[in-house]
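Single-structure report; data block below.
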Amino acid sequence: MSRWTKVIGTGGYLPATIRTNDDISNMVDTSDSWIYERTGIKSRRIAGPDETASSMAEVAARQAIDAAGIAAADIDMIVVATGTPERVYPSTACLLQERLGIKQCVGFDIQAACSGSVYGLSIADQYIKTGFAKNVLVVGSEICSRIVDWSDRSTCILFGDGAGAVLLTGSDEPGILSTHIHSDGGYEDLLYCPNPQVAAAAKQHEPAYISMRGNEVFKVAVNTLGRIVDETLAANGLQQSDIDWLVPHQANTRIIAATAKKLGMSMDQVILTLENQGNTSSASVLLAFNEGVRDGRIQRGQTVLMEAFGAGFTWGSVLLRY
Ligand code: COA
């Protein structure tokens, strides 16, 4: 059994097509300035017609495997967080396992909306610490553009496509210090996306798109993320100043700024990707973490706080020594 769970590789993938705020203002009644001021987003990536959650996950996963310097065959568990799987089943994790050519493995998907990657890291940490798994691949992969109503200006401005990956292994050196995950199913009406096929078969003709009461979601998100920061620091006996980097879910700059303020951090200590990625749901935390690691901002030995909030509501944090 390993005392700690350590990050040994990260990866990320963004589709080639860029959709700017100006592009969207040709589709709905909005403007670049409105979107940027209210959200911090300037552009997002849009997956091509041949791309899927598993194809994007594969690119991110291969990067993480290369960075870790292990063979794909050494991975004994794959956890994929996605709200946009190409199949109801097999799971995206199983499709990814096949793409990676891994014969012996455990693979499953989790559904925790935008908190998916934080949930995935928490699950991986439990399995590694109990000795059930040694090398766990956690991926968040999303094609949000396919579940967004491109005629609804209140949601279509927010989301983007992408995949992030992290490879974790058991270690005697400190790694993940704590994870905290929560859900409260009392908020379905504020943020949901129907399953179109199941709804149609049941003759419930709901639009098959993300439906959100953004202003109300915003307020709950700010308060809830403030509480998770307090919970995480208290559980670890840490002060705000002990955190080197905040790697937040990328939903809205104003939500992220409120969390950074709660931590007494400057925005220079926050890995921000949403300006050119938008909200990539379960991929966003892992994409941001990958960016911070690869551009050298996040250094070995530093303390990183990840947090996320999403439909459910779900929310959580991961505190780790990189
Ligand atoms: N362009 C121009 N105007 C828009 C618009 C757009 N894209 N979207 C909404 N508006 C209008 C509204 O119609 C409303 O007009 P009204 O005052 O005439 O009724 C006005 O702007 C204010 O709408 P509101 O929804 O209160 O705006 P907001 O400041 O809350 O910003 C969001 C909207 C969606 C950007 C913001 O609520 C948000 O980011 N919420 C959190 C979303 C989130 O994090 N979701 C995912 C969780 S994982």
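The values are calculated or read from the model by the stated rules, or taken from the named source; none is laboratory data. It should be emphasised that the depicted structure is a prediction, and the values quoted were computed from it without experimental measurement. All Cβ positions, glycine included, derive from the backbone under ideal geometry; neighbour counts span all protein chains shown. Just the protein is used for accessible areas: all its heavy atoms, side chains included, with ligands, DNA and RNA removed. Shrake-Rupley method; radii C 1.70, N 1.55, O 1.52, S 1.80 Å.
Once backbone amide H atoms are built at 1.01 Å from N, THR84 has ILE143 as its partners under 5 Å, excluding neighbours fewer than 5 places away on the same chain. Using the 1.4 Å probe convention, the accessible area of the stretch 4-172 works out to 40 Å² per residue with neighbouring protein chains retained.
With the full set of protein chains in place, find how many percent of the accessible area of the chain is carbon and sulfur; take the probe as 1.4 Å. Please report the intermediate quantities before stating the final value.
Working: 6670 of 13670 Å².
The C+S portion of the solvent-accessible surface of the chain is 49 percent.
When the chain is treated as a Gaussian network with alpha carbon springs shorter than 10 Å, the biggest mean-square fluctuation among SER115, SER281, SER154 belongs to SER154. Residue-wise HN-Hα couplings along the stretch 105-120, as the Karplus relation 6.51 cos²θ - 1.76 cosθ + 1.60 with θ = phi - 60° gives them from phi, are 5, 10, x, 7, 9, 10, 10, 9, 6, 5, 8, x, 6, 5, 4, x Hz; Gly and Pro carry x. Checking the Cα-Cα distances for LYS6/LYS134; LYS103/LYS129; LYS103/LYS134 against a 19 Å cut-off, the pairs over it are LYS103/LYS129.
Find the accessible area per residue for the stretch 199-322; the probe is 1.4 Å, ligands and nucleic acids are left out, and the unit is Å². Don't jump to the answer; show the numbers that get you there.
Numbers: 5030 Å² over 124 residues.
That works out to 41 Å² for each residue.
For the stretch 213-218, 3J(HN,Hα) computed residue by residue from phi via the Karplus equation (6.51, -1.76, 1.60; θ = phi - 60°) reads 9, x, 5, 6, 4, 3 Hz, glycine and proline entered as x.
Relative to the Cα centre, the charge distribution of the stretch 27-142, modelled as +1 at Lys and Arg Cβ and -1 at Asp and Glu Cβ, gives a dipole magnitude of about 220 debye.
Each residue of the stretch 55-70 was assigned a 3J(HN,Hα) from its phi angle through the Karplus expression (A = 6.51, B = -1.76, C = 1.60, θ = phi - 60°), giving 5, 6, 4, 4, 5, 5, 5, 4, 4, 5, 5, 4, 5, 6, x, 10 Hz with x at Gly and Pro.
Which whole-number percent of Cα pairs in the chain have a distance greater than 26 Å? Please report the intermediate quantities before stating the final value.
Numbers: 21693 of 51681 pairs.
The proportion of pairs with Cα distances above 26 Å equals 42 percent.
With only Lys, Arg, Asp and Glu charged, each at its Cβ (+1 for the first two, -1 for the last two), find how big the charge dipole of the chain is about the Cα centre; round to the nearest 20 debye.
Working: 26 positive and 35 negative charges, 82 e Å.
The calculated dipole for the chain is roughly 400 debye.
One Cα centroid belongs to the stretch 170-241, the other to the stretch 57-86; the line between them spans 23 Å. In the elastic network of the chain, a GNM with C-alpha springs shorter than 10 Å, the most mobile of ILE24, ILE256, ILE271 is ILE24.
Note on the chain: GNM, Cα springs under 10 Å; of TYR192, TYR13, TYR89, the largest mean-square fluctuation is that of TYR89.
Which value in deg cm²/dmol, rounded to the nearest 500, describes the helix-derived mean residue ellipticity at 222 nm for the chain, given -39,500 (n - 2.57) per DSSP H run of n ≥ 4 and division by the residue count? Helices in the chain give a 222 nm mean residue ellipticity of -10000 deg cm²/dmol.
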